[in-house]
Amino acid sequence: MEPSLSTSLAQRPQWTIDLRLERLLGQEVRVAAESFFPIRWNGEVLSAAVPVCELILPDNTRPGQLPVFFEGRLRRFERRIGVVFVTLDAAMAGRSAEGMLFLRGIAAVMLRGPAVVQLAIPFRLERLPDH
């Protein structure tokens, strides 16, 4: 089931995460993921979410307990109670590494959009620096 994403949160109180995401629309971001819906080359969003712990990495391993991050241009978002989905377009070419790496001294897995990502709790997102 694909989440119906929108940036309109009319009739609902805004949370801090809503305000942060609104300021980052159109920007290159990095988000910590709980699960994701892959997006095919033709823009079709796959119907089943993939928990990040079930990913199979290029070296045939799984992330296990490692945090998984996605990078890409933030296109839109939707919050449903405490669950937040973001749609990321592809990251700029050559912009970021992919796979297992060290992020601020901690082992992590980095993937690039496009994808619809369910943010991990606690919410971790940041704008990527301009290059």
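The values are calculated or read from the model by the stated rules, or taken from the named source; none is laboratory data. Just so we're clear, the structure is a prediction, and the values are computed from it rather than from any experiment. Glycine gets a Cβ as well: all are built from the backbone with ideal geometry, and neighbour counts include every protein chain shown. Protein only, heavy atoms only, side chains kept; ligands, DNA and RNA dropped before computing areas. Shrake-Rupley method; radii C 1.70, N 1.55, O 1.52, S 1.80 Å.
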How many of the residues making up region 11-36 are at pLDDT 85 or above and closer than 14 Å to ARG80 by Cβ? 5
Residue among LEU103, LEU66 that is more than 20 Å from VAL50 (Cα to Cα) and over 12 Å from the mean Cα position of the chain (by Cα): LEU103
Regarding region 60-79, can at least one residue be identified that is in contact with a Phe, Trp or Tyr (Cβ under 6 Å, 6 or more places away or on another chain), under 30 Å from LEU19 (Cβ atoms) and of a type outside the set (Lys, Arg)? yes
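Give, as residue ranges, the strands (runs of 3 or more DSSP E) completely inside region 19-131 that count at least 3 residues that are of a type outside the set (Phe, Trp, Tyr) and open to solvent by less than 20 Å² (accessible area, probe 1.4 Å). If you could, list the steps in order and put the result at the bottom.
Working: elements: 28-38, 68-80, 83-89, 99-103, 106-112, 115-119, 125-127.
In region 19-131, 28-38, 68-80, 83-89, 106-112, 115-119 are the strands (runs of 3 or more DSSP E) which contain 3 or more residues that are of a type outside the set (Phe, Trp, Tyr) and open to solvent by less than 20 Å² (accessible area, probe 1.4 Å).
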